[in-house]
Each structure stands twice: as structure tokens, then as C-alpha cells.
Amino acid sequence: MSKSKVYIETYGCQMNVADTELVMGILNNNGFQLSQDIHDADVILLNTCSIRENAEQRIYGRLDNLKPFKTKNPDLVVGILGCMAERLRTNLIEEKKLVDVVVGPDEYKRLPEFIDMAFSGGKGIGVKLSRTETYDDIIPYREDGLQAWISVMRGCDKFCTFCVVPFTRGRERSRSLESVKAEVEHLSERGFREVTLLGQNVNSYSDNGADFADLLAACAEVDPWLRVRFTTSHPQDLSDKLLYTIAKYNNLCNYIHLPVQSGSDRILKLMNRTYTVEHYLKIIESARKIIPGVSFSTDIISGFPSETWEDHLMTLDLMEQVKYDGAYMFKYSPREGTKAYRMDDDVSEEAKTKRLQEIIALQQRHSTEINESLAGTEEVVLIEGFSRKSDKFFAGRTDSNKVVIIPFVDNISEGDYALVKINRATSATLFGDFLSIVHKREQPFQLAN
Ligand code: SAH
Ligand code: SF4
Ligand code: F3S
């Protein structure tokens with residue numbers, strides 16, 4: 001029999017992107033062929049997200065779109081992976097007849113077996129969570145490129161009251177420092193220029209006495225021209241040691257994603273976020289002292305149960321105090337099984353929308369102000385390729401994670417570091433001119449498309 005072709009679509013956070021690469025590694029090792037063409041696939045997998053109601057609605061919509069594929073090819077296997085698989089389990093198969101395989105985040109090693117069950121006419125279901133699975137021994141399948149996601153821990157023990165992740169991803173566990181470092185070394189040898197270490201709360205990383213700061217330092221030492229980023233830091237456990245480590249290494253990016261969720265202590269308490277606004281602002285203050293020029297982004301939820309207009313104003317006030325470089329902003333979405341689900345979702349849809357719009361508008365203003373203030377400065381930019389709009393321009397990124405557009409210059413290419421003079425900015429983008437080469441990437445290779 002010819003090799004079965006598998007096509008995968010990924011939804012949700014970077015963790016899912018990293019998991020898809022793990023899944024591709026597992027399938028590849030087990031004789032499956034990976035395909036970019038959905039029309040030609042024997043197996044279609046959706047790696048799904050449950051974080052908000054609309055994330056799941058999107059998947060249901062996609063499953064409806066897939067019906068004609070199954071009608072055309074009754075042998076086609078359709079599978080749901082990821083957080084929705086874990087959350088809804090067999091309900092997915094009962095509700096959606098076209099689903100043959102349901103596999104949660106800790107059972108990917110058995111995916112080939114579950115797909116085979118489906119090929120023989122059965123249903124393949126694997127939704128057990130594990131306290132130990134870290135996939136340390138699996139090499140993720142990655143196309144050549146500049147940037148890679150590396151998941152360094154799995155699960156979450158924080159139990160914020162609004163969040164499904166502890167239920168869909170299980171208990172917190174860390175990979176070994178050695179295996180993460182080996183992965184970074186391998187990527188550096190392949191010409192990658194940036195890695196992002198991933199975990200729901202990287203600050204609680206722990207391996208035989210090594211903490212997250214130790215892990216970051218070990219990764220930073222692999223290659224001075226390989227940028228190291230990380231996400232996400234929970235404000236409760238962010239240590240000064242971590243801040244000093246970021247300050248010490250040039251290639252540890254001066255950018256911290258530090259989700260605050262709300263500017264009201266009362267709401268933070270109801271969310272079980274375990275810090276106060278005062279504590280949060282202290283971290284920002286220390287970080288700015290220890291890491292000059294550090295930039296921050298955040299996540300904010302509008303309309304959590306019982307949020308009043310005053311609570312909302314406190315969130316806006318906190319934003320004014322911090323002035324984030326960027327933010328991911330969401331309307332509260334009740335998730336079954338969470339503690340907040342039992343609270344009265346009493347903020348009207350209208351109020352949630354209005355508050356969210358105000359938050360977005362304020363953030364837009366701050367991003368524009370911060371970016372405009374960079375006009376006239378010089379920034380080291382990692383060139384990522386042509387700009388999305390035109391091949392007369394290059395696009396790259398600063399250490400602080402801002403996109404920079406510069407006119408095409410002959411002697412630079414993807415993976416090089418260039419010194420750029422910034423001359424203008426919008427809320428999302430900086431525009432500048434090439435000044436000089438800071439470092440040329442040694443290994444020539446073709447960028448994957
Ligand atoms: N572990 C990360 C967050 C992962 S989820 C952290 O703690 O920072 C990403 C973001 O989605 C959260 O920070 C939160 O802002 C948002 N989110 C999670 N559950 C939500 C819900 N039920 N409704 C709306 N937004 C939610
Ligand atoms: Fe969810 Fe909170 Fe864990 Fe983040 S820290 S994944 S918001 S429970
Ligand atoms: Fe979504 Fe799961 Fe990530 S719920 S945000 S894919 S951890």
C-alpha cells in the first residue's frame with residue numbers, strides 16, 4: 001500500500017503550532033507522508049483550540065466544510081487533535097459523524113495507532129492526560145526557516161477561574177534542560193536565527209534544580225546570533241534572577257509578555273490570578289530598571305463576571321501606567337467546567353463590546369506613541385524576508401519584537417542582522433533605512449515557502 005497522506009491544520013496558540021510539529025515528527029517516523037494539499041489527503045487532522053467559545057465555533061464551521069470531502073472519499077479519515085479533543089472527547093464523535101479520530105495533547109505518540117483503527121472502520125480515541133509526558137524524545141518535524149517554537153513545558157497548574165487550559169492540557173511538567181538545549185543547538189546548526197521557548201507559565205519551569213533563568217542562559221549561550229524569546233510569564237513567579245539573566249545576554253530578547261488580565265484587584269482575585277495590581281506594577285518597575293529599553297505586551301479580558309464600569313476604568317488606568325507595546329484583548333467567554341462558569345455572566349454583551357473597544361483604542365494609541373517615539377533611533381533588525389506587500393522591501397524584527405520595513409538593499413538577505421535608522425511608525429510597524437550589516441548569516445539556504 002502506498003503511504004497514507006496526512007494534511008494538518010493548526011488553530012489556537014503557539015503551543016499548538018509546536019505540537020503540530022511534534023505530531024508531524026511522530027507521523028513521519030511511522031511511515032505517513034505529510035501533505036500540504038488537502039484535496040489529495042487520506043487523513044485530515046485539525047489541531048484545535050478551546051480557549052473561547054468562538055475558537056470552537058470556528059472548528060465546527062470547518063468540520064461542516066469538510067463534509068463534501070468525506071462524501072467524495074468515504075475512506076477519508078478526519079481527526080480532531082488538541083484542546084477541543086481533550087475537552088469534548090467522545091461527544092465530538094457522537095455529535096459530528098464525520099469525525100473518526102479524537103486525540104488529546106498527551107496521547108500523540110499513539111496517533112498512528114488511532115489512525116489505523118479508523119482506517120479499519122473503527123474510531124480512534126485517545127484522551128488520557130499524563131503527568132509525565134513531555135515528548136522529550138521526539139524530534140519535531142520542521143521545515144527550514146528562521147524562527148522556531150520550542151515547547152519547554154506542558155500543562156498548567158494555575159487554574160485561573162476563566163481558563164480551560166488546566167483541563168485540556170493537564171498538570172504542569174517540564175522538559176529536561178539538556179534536551180531543550182540540544183534542540184536549540186540543532187536549530188542553530190540548521191541556520192535558524194530565533195527560537196521562542198513556550199509554556200503556559202514558563203516561570204515555573206524546573207528541571208533538577210535548574211529554573212527558567214538557568215534554561216534561558218543555557219539556550220542563550222548556544223549561539224550569540226540566535227535570538228531567544230519566551231512566552232508566557234505569569235506575573236506571580238517572575239523573579240529578579242530572570243530579569244538579570246535577560247539583561248546579561250544580548251541575544252535574550254528584551255521583550256516580556258506579561259498578561260495582566262484586569263486592572264482591578266477585586267476582579268484579579270475572582271480570576272484567581274494570585275497577584276495584585278501593586279505587585280504587578282512593581283515587576284514592571286524592576287524590569288525597566290534592570291533591563292533598559294525592555295518592552296511589554298499583555299493579555300486583557302473585558303467583562304469578567306461582576307466587572308463594573310469602575311473595574312473597567314481601573315484596567316484603562318493600569319494600561320496608562322504601564323503603556324504596553326502591544327496587547328491581546330478579549331471579551332470574556334464562559335467555559336464549561338471552569339470555576340468562573342458557575343459565576344453569573346452578568347456583564348451584557350453590549351457592555352463587554354464597548355469596554356473592549358475602549359481597551360483596544362487605548363492600546364492603539366499607546367502602540368502608536370511608543371513606536372513614533374522610536375523615530376530617529378537606530379535598531380538592530382533581524383531580516384526575515386521580503387515584506388508581505390512588496391519585494392521592493394524587506395521585513396524584519398527588532399529585539400523588542402517590532403516589525404520593521406526597509407527598502408530593498410542588494411547585499412542583505414534573510415537571517416542577516418542589519419542596523420536600521422527608524423524614520424517613521426504606525427501602531428503596528430516601524431519604517432526605516434538600512435545603515436550597515438551587523439552580522440551576516442553564514443549558512444546559505446533556501447527559505448521554505
Ligand atoms: N498561560 C497564559 C495564557 C494562555 S490563554 C497566561 O496565563 O498568560 C491566552 C489568553 O486568553 C489569556 O491570557 C486570557 O487573556 C485569554 N483567555 C483565556 N480564557 C479566556 C476566556 N474564558 N475568555 C476570554 N479570554 C480568555
Ligand atoms: Fe490559563 Fe491561567 Fe494557566 Fe494561563 S496561567 S493557561 S490563563 S490557567
Ligand atoms: Fe487554545 Fe489550548 Fe492553546 S485552548 S490557546 S490551543 S493551550
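The values are calculated or read from the model by the stated rules, or taken from the named source; none is laboratory data. In this text the structure is predicted, and so the values were computed from the model without any measurement. Every residue, glycine among them, receives a Cβ derived from its backbone with ideal geometry; neighbour counts consider all protein chains shown.
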Practice task
Any chance you could count how many residues in region 24-50 are touching a residue at least 60 places away in the same chain (Cβ under 8 Å) and closer than 14 Å to residue 102 by Cβ?
Solution key: 2
Fill in the blank from the handout: Here, strands (runs of 3 or more DSSP E) confined to region 239-342 with at least 1 residues that are in contact with a His (Cβ under 7 Å, 6 or more places away or on another chain) are 295-302
Exercise for the section: Run down 15, 24 and say which single residue is more than 16 Å from ligand 1 (Cβ to nearest atom), assigned to a helix (DSSP H, G or I) and either in contact with a helix residue (DSSP H, G or I) (Cβ under 7 Å, 6 or more places away or on another chain) or modelled with pLDDT of 95 or more (or both). Expected result: 24
Problem - Considering residues of region 170-196 that are within 16 Å of ligand 2 (Cβ to nearest atom) and touching an Asp or Glu at 6+ places or on another chain (Cβ under 7 Å) only, the residue nearest to residue 29 (Cα to Cα) - result: 174
Practice task
Kindly indicate the residue of region 40-58 that is within 16 Å of ligand 1 (Cβ to nearest atom) and part of a helix (DSSP H, G or I) and also surrounded by the most Cβ atoms within 10 Å (Cβ to Cβ) among those meeting that condition.
Solution key: 56
Handout entry: Test: residue 145 is surrounded by fewer than 18 Cβ atoms within 10 Å (Cβ to Cβ) and either among the small types (Gly, Ala, Ser) or closer than 30 Å to residue 416 by Cβ (or both)
Key = no
Practice task
Return only the number of the condition from (1) under 20 Å from residue 200 (Cβ atoms); (2) of a type outside the set (Asp, Glu); (3) touching a strand residue (DSSP E or B) at 6+ places or on another chain (Cβ under 8 Å) that residue 8 does not satisfy.
Solution key: (1)
Exercise for the section: Only one of these is modelled with pLDDT under 95 and either within 16 Å of ligand 1 (Cβ to nearest atom) or surrounded by 22 or more Cβ atoms within 10 Å (Cβ to Cβ) (or both): 98, 88, 111. Name it. Expected result: 88
Problem - Residue check, residue 92 more than 16 Å from ligand 2 (Cβ to nearest atom), free of Cβ contacts under 8 Å to residues at least 40 places away in the same chain and in a loop (DSSP other than H, G, I, E, B) - result: no
Problem - Boolean, residue 83 is closer than 28 Å to residue 236 by Cβ and out of contact with any strand residue (DSSP E or B) (no Cβ under 8 Å at 6 or more places or on another chain) - result: no
Problem - Cβ pairs under 7 Å, 6+ apart, first in region 428-442 and more than 14 Å from residue 398 (Cα to Cα), second modelled with pLDDT of 95 or more and of a type in the set (Val, Ile, Thr) - result: 435/420
